[in-house]
Amino acid sequence: MNETLGYEGIGGFSNPIKNHGLQRTNRQTVNRLYSSYNKTNSKTYLQDYADLLKELNAIFATNFNSNQLFYSLHNILVNHELVNFTALGLVSDSSQCINVRLLDKAGSSYMSKILLTAEDNLIIKAFNTRQNQINHDSDFLKIPYLSKSQVIVFPLLVKGDVLGVYIIGCESQSITLGVELYNLITRMMSYFIQNEQLSEIVTKNTDIDSLTGLANHKSLQEELASQLKIAQQNDSKVSICLFDILNISQINREFGHAKGDEIIKAVANKISQNNRNTDFAGRYGGDEIAVIMPGASTEEAKYVAEYLNYTISCIYIDDVGPVKVSAGIATYPDTTVDQEKLLILAEQAMGISKSKSYESGNSVIVTSQDVDFWDDDALKSFAEILIRRHAQIGINFEEELVSKFHDEKIISNQHLLEVVKSLASTIDAKDTYTKGHSTSVSRYSEALARAINLPEVEVERIKLGALLHDIGKIGIPENILRKPTMLNDEEWEIMKQHPTIGADKVLAPNESLRDLIPMVKFHHEHYDGTGYPFGLKGEEIPLSARIVSIADAFHALVSDRPYRKGLSINKACEILKMGANVQWDRELVRQFVQIAPSLSTSV
């Protein structure tokens, strides 16, 4: 087979997204490389053998980690047509097993864990006896679709200590004539791995993530900051792609965290081996890996991500099967010029990707430019990310949301309704104890408004205002909103600010929603003047706010809370009657209790 090989540095993958390094042409077959030769072919043999040794020497001299070394060796041996597959197994003292990673000719990856107690296994025999083990077929590996090959298992020995095994699968002629070459490779690999392990001990607390071998979160953030600064100076772009492994929580539950760690490492290795020269990979979170792509537009980043996703899909893990990931991309300066917001938008895209991947069963790549901010899923994802991860970084969800809202140009009543519903859904994302509350209050308020025969235009206004009655809660800290017990005096004073926040900061700047302000600002006023924020009394409280107040209280009474079960409709109505002319308008209470039994109260 004659072809031009392109591979990263020396010994890397033939990879369409890499910048090609050294090239080699007119590759010779294993028969010409190792068979006996005469005067007519000795020059070719010597040249090929010299080329092979030169490549091997170069990769051992390069500052790879052991995983990169393994992949590079595999590619050299495959490119020279010497092997059908190779495998590297390293011993884990804590798990008392050998973790084996196998690559076939197509680049597909298989993971296996061999317990040290499995003494009949050829791998464990090589480990225990410290001697090479040969088998005439590869069936004992129990890996589906693996080509039939003879197998030799080499122990990785350093001064009597066994670090693991190196496994070669190839044709019978190659396994016989190449054994000395593989012995040499194994000895060099053994010393390389030992040096790496010693280096890991020394650099344990540096910028390298101990599980994946990639940059840790701190180093990743520093690199992103540096690249953004360069991009600003050069007026160029930087994209960041976040990969998240699907079903990792379920895998951890069913197979243990060791299996989850095995998958995370396998994904990290694939990304590390298949990145472009200029890209920078690091561990972003538990099972999340980030790739910084300097100079890449959104479309270019998506192309790289699609290739990386393909290589990850080739990983096959015992008991789990193929690995799937979700991926989200954000690009500087197209989406934002702020580093933290760039990461948030990448996370948001990744979250939407995860949702779409679960729906379709296939990995989906989403860019922040694909995302409609006011889409329910996008808005909830945005809120959850800020709440879960970024409360400490000073990015205020209220300010971000309000800024987006004020920039929105309302073009129709339907558009207005969609935006209002999206705003209301953010409360569900932030205050999980009251999920669906705004929608139910809107429905109850609409029903009461119709019961007292208000004009249709006023009914629609009340329906919208009720949807937004609690919108000010986006400015209340989560530890107060989600507190399962009663608030103390200081916390209660903070909570009482939400009507004013909603009216003044969210609605007032938007002319199309200013007529909804009374319901948002006054729905906690009491008929006897003891409410907040202004202590209005009786009919000083706008009618629309009095309606929303009753609907708000009723839904709170019939809903389950962490500290109590929801009340029955009859009991809730009795409490409303007891509060008539104290907390609520008596006539409105009378009308509401008549229609309450007909309202759906599922929460």
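The values are calculated or read from the model by the stated rules, or taken from the named source; none is laboratory data. What you are looking at is a predicted structure, and each value in this text was computed from that prediction instead of being measured. Using ideal geometry, Cβ is built from the backbone for each residue, glycine included, and neighbour counts are taken over all protein chains shown. Calculation scope for accessible area: heavy atoms of the full protein, side chains included, ligands and nucleic acids excluded. Shrake-Rupley method; radii C 1.70, N 1.55, O 1.52, S 1.80 Å.
Using the Kirkwood radius built from alpha carbon pairs, what does the Stokes-Einstein equation give as D for the range 433-562 at 37 °C and 0.692 mPa s, in µm² per second? List each step's numbers first, then the result.
Details: Rh = 15.0 Å.
It diffuses with D of about 219 µm²/s by this estimate.
Leaving out ligands, DNA and RNA, what percent of the accessible area of the range 452-603 is carbon and sulfur, probe 1.4 Å? Kindly include the intermediate steps, with their values, before the conclusion.
Details: 3860 of 7280 Å².
That share works out to 53 percent.
For the range 198-316, would you read off the P(r) tail past 26 Å as a percentage of all alpha carbon pairs? Don't skip to the answer; put the middle values down first.
Values: 1627 of 7021 pairs.
Summing the P(r) tail past 26 Å for the range 198-316 gives 23 percent.
Mind running the shape call on the range 304-353? Use the C-alpha gyration tensor, a ≥ b ≥ c as the square roots of the eigenvalues: rounded below 1.5 for a/c, prolate if a/b tops b/c, oblate otherwise. Could the numbers behind the result be given before it?
Values: a/c = 4.16, a/b = 2.54, b/c = 1.64.
Taking the square roots of the gyration eigenvalues as a ≥ b ≥ c, the range 304-353 is prolate.
Rank these by accessible area, largest first, 1.4 Å probe: 584, 492. Spell out each step's value before the answer.
Numbers: 584 15, 492 110 Å².
Highest to lowest solvent-accessible surface, that is 492, 584.
Given the range 325-365 reduced to its alpha-carbon atoms as identical point scatterers, what log10 I(q)/I(0) does the Debye formula return at q = 0.14, 0.16, 0.17 Å⁻¹?
At q = 0.14, 0.16, 0.17 Å⁻¹ the computed log10 ratios are -0.31, -0.39, -0.43.
Could you provide, to the nearest whole Å², the per residue accessible area of the range 494-603 with probe 1.4 Å?
Numbers: 5110 Å² over 110 residues.
Solvent-accessible surface per residue comes out at 46 Å².
Rounded, prolate or oblate for the range 108-185? Axes are the square roots of the Cα gyration tensor eigenvalues, ordered a ≥ b ≥ c, and the cut-off for rounded is a/c under 1.5.
Numbers: a/c = 1.80, a/b = 1.11, b/c = 1.63.
It is oblate, given that a/c is not under 1.5 and a/b is not larger than b/c.
So what's the gap between the Cα centers of the range 233-292 and the range 133-198, to the nearest angstrom?
29
For the full complex of protein chains and a 1.4 angstrom probe, list 259, 577, 148 by accessible area with the highest value first.
Working: 259 20, 577 105, 148 140 Å².
If we order 259, 577, 148 from most to least accessible, we get 148, 577, 259.
So for the range 84-223, what are the equivalent ellipsoid semi-axes in whole Å, largest first, each being the square root of 5 times an eigenvalue of the Cα gyration tensor?
Details: eigenvalues 165, 61, 46 Å².
Semi-axes (√(5λ), whole Å): 29, 17, 15.
Sorted by packing (mean other beta-carbon atoms within 10 Å per residue), highest first, where do 342-352, 101-111 land? Don't jump to the answer; show the numbers that get you there.
On the way: 342-352: 25.5, 101-111: 19.6.
Ranked by mean Cβ neighbours within 10 Å, highest first: 342-352, 101-111.
I'd like the carbon and sulfur percentage of the solvent accessible area for the range 65-149, probe radius 1.4 Å, heavy atoms only, ligands and nucleic acids excluded.
Working: 1720 of 3690 Å².
Carbon-and-sulfur percentage of accessible area, whole number: 47.
Give the accessible area for residue 163 in Å² (nearest 10); use a 1.4 Å probe, count only protein heavy atoms, and leave out ligands, DNA and RNA.
20
Determine the per residue accessible area of the range 212-264 with all protein chains present and a 1.4 angstrom probe, expressed in square angstrom. Before the final figure, lay out each step's value.
Details: 2470 Å² over 53 residues.
Each residue of the range 212-264 exposes 47 Å² on average to a 1.4 Å probe.
Based on alpha-carbon centroids, what's the gap between the range 573-600 and the range 308-354 in Å, whole number please?
51
Tell me, what is the 1.4 Å probe accessible area of residue 303, in Å² to the nearest 10?
120
Using a probe radius of 1.4 Å on heavy atoms only, what accessible surface per residue do you get for the range 95-142? Whole Å² is fine.
53
What are the extents of the Cα atoms of the range 519-603 along their three principal axes, listed from largest to smallest and rounded to whole Å?
Cα extents, longest axis first: 32, 28, 20 Å.
Name the shape class, rounded, prolate or oblate, that the alpha-carbon gyration tensor gives for the range 276-378, where a ≥ b ≥ c are the square roots of its eigenvalues, rounded holds for a/c under 1.5, and otherwise prolate holds if a/b is larger than b/c and oblate otherwise. Don't jump to the answer; show the numbers that get you there.
On the way: a/c = 1.89, a/b = 1.28, b/c = 1.48.
Cα axes put the range 276-378 in the oblate bin.
Determine, at each q value in 0.10, 0.18, 0.25 (inverse angstroms), the log₁₀ of I(q)/I(0) that the Debye formula gives when each Cα of the range 246-331 is one equal point scatterer.
-0.25, -0.76, -1.31
With the full set of protein chains in place, find how many percent of the accessible area of the range 215-269 is carbon and sulfur; take the probe as 1.4 Å.
Values: 1120 of 2500 Å².
Ligands and nucleic acids excluded, carbon and sulfur reach 45 percent.
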